[in-house]
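Worksheet: one structure, shown below.
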Amino acid sequence: MTKNKTRIIIAALLVVAALAAIVLGVMNLPNRTNATGAQIIDTLRIRTLLDATGAGVVDSYVAIAKKEATAAAKAAGGGMAAIREAVAKAEEETRAKYSGTQTDYSTLDTTALTAAVADYAALLAEHDAVAVAAENAYIAENMAAAEAAAKAEREAKIAAGEEVGEETEVTVDMSGFVATEEMTAAKAKADAQYEAVGAALQGIYPVLDASALNTLKGTIESIVYTRGDTFTAQYDRYVAAGSEEALDNKGAAFVVRYADDLIYVGAALLIAALVVLFSELLVRKLGIPRVIIGLFFILLCFMCLLYDLSLPTLLSNAVVRMGMNSIMVLAMVPGIQCGISLNLGLPIGLVCGLIGGLVTIEMELPGVWGFLFAIAFGSALAAAAGWLYAQLLNRLKGEEMGVTTYVGFSIVSLMCIAWLVLPFKSLKLRWPLGTGLRNTIGLDSSNFSHILDDFLSFKIGSFDVPTGLLLFMALCCFAVWLFSRSKTGVAMQAVGNNPRFAEATGINVDKMRIIGTVLSTVLGAIGILVYSQSYGFMQLYTAPRQMGFIAASAILIGGASTTRCKISHVIIGTFLFQGVLTLGMPVANVLVPGSTISETLRILISNGIILYALTKSGGASRG
């Protein structure tokens, strides 16, 4: 059997399985909100309630036995020691007698209890809705005061020279919240209905008295209703309590519970079928690394859905991370095009950008003007540093990868000393005691925190669109693309593709390499400022060391090589790289709580892709 036939058969089997899963899921998903779903939840809820009440019944029998033992010991003239001994013996015997007994649920008539519990659940939900509305009104009324207090506290810390972190969402202190009349009325209705639930339970367990029912009230209320209850939340809660045995058809209930997951699995199988069918074409067009990372990203998306993680929120975070890292990845493009390969000396530009940001904070330039000044100052500094850097690379042609790595590490180490002696005076920048700049500089509304992220941003459901950040990314990508189409840009690319041929046509090779290196360094300075404003901090000392490797990994994942790249490689690669990191962390935490799998994956992906690119750097390049 040929490989093509084998792929077709496997793809066909995957499609059949996918269609079966999707059809089964689509057929059962509506059952969550109709009578079938209600019956499943009612059955599970009543069994959970009976089990919890049964435990309370045992406690009631124990209380009765202890009371009788105390009376008998007193009547016999026993002292305190005799009474304690009698009570302990009575409790032990009573628990041994009743705790091991199994209730025959098939003989119980739960009709009245089911109706009473359904009404109780509805009234609890009504009270919760009233409470949420009242809490929201209280928060809206007191938010301005809370924001003013938070701002005053932050300004006081800055004035005292204390380190402040990123501005976080202000929360209102709810300790002064008092229940409204509507809440009290709704609670009274629910409490009255609880008496009906208690009467129904006493019909099943006559030993339950008012005291026992009062003790069980909190437990019963949490079983019947919890804020945010959905079909799946209630099903999982009741099954976790061991009530699945109450279901007549466990398989059917299971399918209803996981109907949406069946649809997701079906969609994943369809994608797998397409990948199997067109595997050779995908590898030929995209390359093995991009296919693997792309499939891994899709797998993470489906795992987020399967584990009920908020995929729109995570994708929104991935888009933000793409925007905040994209300019640093874009800085790799001029370096590759001019022939210096991957610019792992990117920390030179990053340091210049950080200095521009520090000068802005020192001069107390606020908002947009401060951000623009930081870009202008950092870019000018980066252009000068980039020119010197380019002169070094022109004297060490053929050894660029090793030289750029060494230079990048060296500038970071050198700046670790410089950050301690630079003459900045602002208390926002310096340590309160001693000398030197802080390791982490918090940004806030007084400078340029989230200046791009918040510009024209809007929400689509739980998906936040950072319009300003994406527009700035698009503007920078367009500027680089436009430059690459100019006469100088074409000449620079000719040098990168074949320096000997370019020199033979009269192009000044060294000049083009200088232009590309300077442009790459300037983009690095801009990129770190975009990253910092989105992150909310500026990190000094060793923080920039690995950013060149991260940027190189992203552009290689996008399909670039060490000798050829395009703007599309920047966008695709940055999104895939950051998307895997953003989705991988919560999925890893669900699979292995408390693990560092996500960080391990980041290291493997970053270093593995660079290693793969280096093994291919001497061969043909893909466009």
Restricting the first residue to the stretch 544-564 and requiring it to be within 11 Å of residue 341 (Cβ to Cβ), which pairs with a second residue that is of a type outside the set (S, T, N, Q) and assigned to a loop (DSSP other than H, G, I, E, B) meet a Cβ separation below 7 Å and a spacing of at least six or different chains?
552/342; 552/344; 561/622; 562/342; 564/623
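Taking residue 427 as the residue in question, decide whether it is within 30 Å of residue 309 (Cα to Cα), in the same structural domain as residue 516 (by TED's automatic domain parsing) and either surrounded by 18 or more Cβ atoms within 10 Å (Cβ to Cβ) or touching a helix residue (DSSP H, G or I) at 6+ places or on another chain (Cβ under 7 Å) (or both).
In short, no.
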Among the residues in the stretch 510-523, are any of a type outside the set (Ser, Thr, Tyr), touching a residue at least 60 places away in the same chain (Cβ under 8 Å) and at positive phi?
no
Here are 293, 327: which of them is β-branched (Val, Ile, Thr), outside the structural domain of residue 587 (by TED's automatic domain parsing) and crowded, with 20+ Cβ neighbours inside 10 Å?
293
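This table checks each residue for (1) surrounded by fewer than 24 Cβ atoms within 10 Å (Cβ to Cβ); (2) at pLDDT 90 or above.
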| residue | (1), (2) |
| --- | --- |
| 548 | no, no |
| 559 | yes, no |
| 563 | yes, no |
| 570 | no, yes |
| 573 | no, no |
| 577 | no, no |
Tally of residues being touching a strand residue (DSSP E or B) at 6+ places or on another chain (Cβ under 8 Å) and among the small types (Gly, Ala, Ser) across the stretch 450-480:
1
Just wondering, is there one or more residues in the stretch 363-378 that are under 33 Å from the mean Cα position of the chain (by Cα), on the phi > 0 side of the Ramachandran plot and not in a loop (DSSP other than H, G, I, E, B)?
yes
Residue under question is residue 446, and the condition is that it be farther than 19 Å from residue 329 by Cα and either β-branched (Val, Ile, Thr) or touching a helix residue (DSSP H, G or I) at 6+ places or on another chain (Cβ under 9 Å) (or both); does it hold?
yes
Residue count for the stretch 379-406, restricted to those that are surrounded by fewer than 15 Cβ atoms within 10 Å (Cβ to Cβ), under 14 Å from residue 519 (Cβ atoms) and either within 37 Å of the chain's Cα centre (by Cα) or among the basic types (Lys, Arg) (or both):
1
Only one of these conditions is not met by residue 281: (1) in contact with a helix residue (DSSP H, G or I) (Cβ under 7 Å, 6 or more places away or on another chain); (2) over 23 Å from residue 123 (Cβ atoms). Which number is it?
(1)
All but one of (1) of a type in the set (S, T, N, Q); (2) within 20 Å of residue 551 (Cβ to Cβ); (3) touching a residue at least 12 places away in the same chain (Cβ under 8 Å) hold for residue 413; which doesn't?
(3)
Quickly run through the stretch 218-233 and pick out the residues that are of a type in the set (S, T, N, Q), touching a residue at least 12 places away in the same chain (Cβ under 8 Å) and over 19 Å from residue 306 (Cβ atoms).
219
Filter the stretch 207-228 down to residues that are touching a helix residue (DSSP H, G or I) at 6+ places or on another chain (Cβ under 8 Å) and not in a helix (DSSP H, G or I) and give me whichever is modelled with the lowest pLDDT.
207
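The values are calculated or read from the model by the stated rules, or taken from the named source; none is laboratory data. Remember, it's a predicted structure, so these values are computed and weren't measured experimentally. Note that we place each Cβ from the backbone using ideal geometry, even for glycine, and neighbour counts take in every protein chain shown.
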